[in-house]
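Engineer: Input: one structure, supplied below.
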Amino acid sequence: MAEGKTVSIVPSDSELSTQQAADMINVSRPHLIKLLESKQIPFKKVGSHRRVLLMDIMEYQDQIVKQREDQLDFLSNQAQDLNLGY
């Protein structure tokens, strides 16, 4: 808020549409659907529509951030071990 950015308060048990969930994790809707169908992110169907819990999207996002950090640590350690000058 101090930086002038928008802040939203949303209940953690809120359900998101696939488009809202995709926008939140910055991926395309078809890619999100692949993640849902491969059971990487839980979802439920309401009629013919998929609904994703906000909490599940946030957990997935945290998991991806952790994986990226681990991979970057691995690569930087490898570069140092190989004395690549980074």
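The values are calculated or read from the model by the stated rules, or taken from the named source; none is laboratory data. Please read these numbers as outputs of a predicted model, since none were measured by experiment. Note that each Cβ is placed from the backbone with ideal geometry, even for glycine, and that neighbours are counted across all protein chains shown.
Engineer: Can you tell me how many residues within region 17-31 are under 23 Å from Gly47 (Cβ atoms), of a type outside the set (Lys, Arg) and part of a helix (DSSP H, G or I)?
Structural biologist: 9
Engineer: In region 38-69, which residues are over 12 Å from the mean Cα position of the chain (by Cα), part of a loop (DSSP other than H, G, I, E, B) and of a type in the set (A, V, I, L, M, F, W, C)?
Structural biologist: Within region 38-69, Phe43 is the sole residue that qualifies.
Engineer: Given the conditions (1) at pLDDT below 95; (2) surrounded by 10 or more Cβ atoms within 10 Å (Cβ to Cβ); (3) over 14 Å from the mean Cα position of the chain (by Cα), which single one is not true for Ile9?
Structural biologist: (2)
Engineer: Say whether the condition of being surrounded by 12 or more Cβ atoms within 10 Å (Cβ to Cβ) and among the small types (Gly, Ala, Ser) is met by at least one residue in region 35-51.
Structural biologist: No; the residues of region 35-51 include none that is surrounded by 12 or more Cβ atoms within 10 Å (Cβ to Cβ) and among the small types (Gly, Ala, Ser).
Engineer: Within the group Leu72, Leu35, which residue is under 14 Å from Thr18 (Cα atoms), in a helix (DSSP H, G or I), among the aliphatic types (A, V, I, L, M) and out of contact with any helix residue (DSSP H, G or I) (no Cβ under 6 Å at 6 or more places or on another chain)?
Structural biologist: Exactly one of Leu72, Leu35 is under 14 Å from Thr18 (Cα atoms), in a helix (DSSP H, G or I), among the aliphatic types (A, V, I, L, M) and out of contact with any helix residue (DSSP H, G or I) (no Cβ under 6 Å at 6 or more places or on another chain), namely Leu35.
Engineer: It is to be established whether one or more residues within region 14-30 are more than 17 Å from the chain's Cα centre (by Cα) and of a type in the set (Asp, Glu).
Structural biologist: Taking every residue of region 14-30 in turn, none turns out to be more than 17 Å from the chain's Cα centre (by Cα) and of a type in the set (Asp, Glu).
Engineer: May I pose another question? Can Asp23 be described as loosely packed, with under 11 Cβ neighbours inside 10 Å and not polar (S, T, N, Q)?
Structural biologist: Against the criterion (loosely packed, with under 11 Cβ neighbours inside 10 Å and not polar (S, T, N, Q)), Asp23 does not qualify.
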